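Peer 1: Attaching a single structure in structure tokens format; questions to follow.
Bear in mind these aren't lab numbers, they're just calculated from the coordinates by the rules spelled out. In this text, all values refer to a predicted model and were calculated from it rather than measured experimentally. Cβ placement follows ideal geometry from the backbone for every residue including glycine, while neighbour counts extend to all protein chains displayed.
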Amino acid sequence: PFSIPAKDVLYSPVKEQRGKHCGKIKTHFLKLPGKRPPGWNVHGKVDSYLWLGSSNYAHAILDNLPVGYETEAPLAESTGSHPTLYPASLIYKSEAHFVFGY
């Protein structure tokens, strides 16, 4: 498991005040726990795009997506959520659980 502090994905309209991972794609390689048989080092790859900010700045959520990613029309302006179409042949759905606080 790994954790990313909220300050590292926090959005600000001032570039120098943004978190270092905000609006960037981070790649995580999945490996089996413990000893691994030879030849099977990486079992999966997860690319995540992280953005945390006020709904006042929701229009900026997708500003830093790389070329090749296309977005559909927003489902509802009030939700701030935007569906994204990925240019990959296989897409797997995963579920994430976030725990806030210390």
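Peer 1: Let's test the formula: R0 of 35 Å, r as the Cβ-Cβ distance of Glu16 and His43. What FRET efficiency results, to the nearest 0.05? Write out the running numbers ahead of the final one.
Peer 2: Values: r = 38 Å, r/R0 = 1.09.
Here the calculated transfer efficiency is 0.35.
Peer 1: If R0 is 22 Å, what FRET efficiency do you get for Asp63 and His28 from their C-beta distance, rounded to 0.05?
Peer 2: Details: r = 23 Å, r/R0 = 1.02.
The value I calculate is 0.45.
Peer 1: Going by how many other beta carbons lie within 10 Å of each one, how would you line up Ser3, Ser48, fewest first?
Peer 2: Details: Ser3 7, Ser48 14.
With the fewest neighbours first, Ser3, Ser48 line up as Ser3, Ser48.
Peer 1: Only counting other Cβ atoms within 10 Å, I'd like Tyr69, Tyr11 sorted with the fewest neighbours first. Could the numbers behind the result be given before it?
Peer 2: Working: Tyr69 13, Tyr11 19.
So the ranking, lowest neighbour count to highest, is Tyr69, Tyr11.
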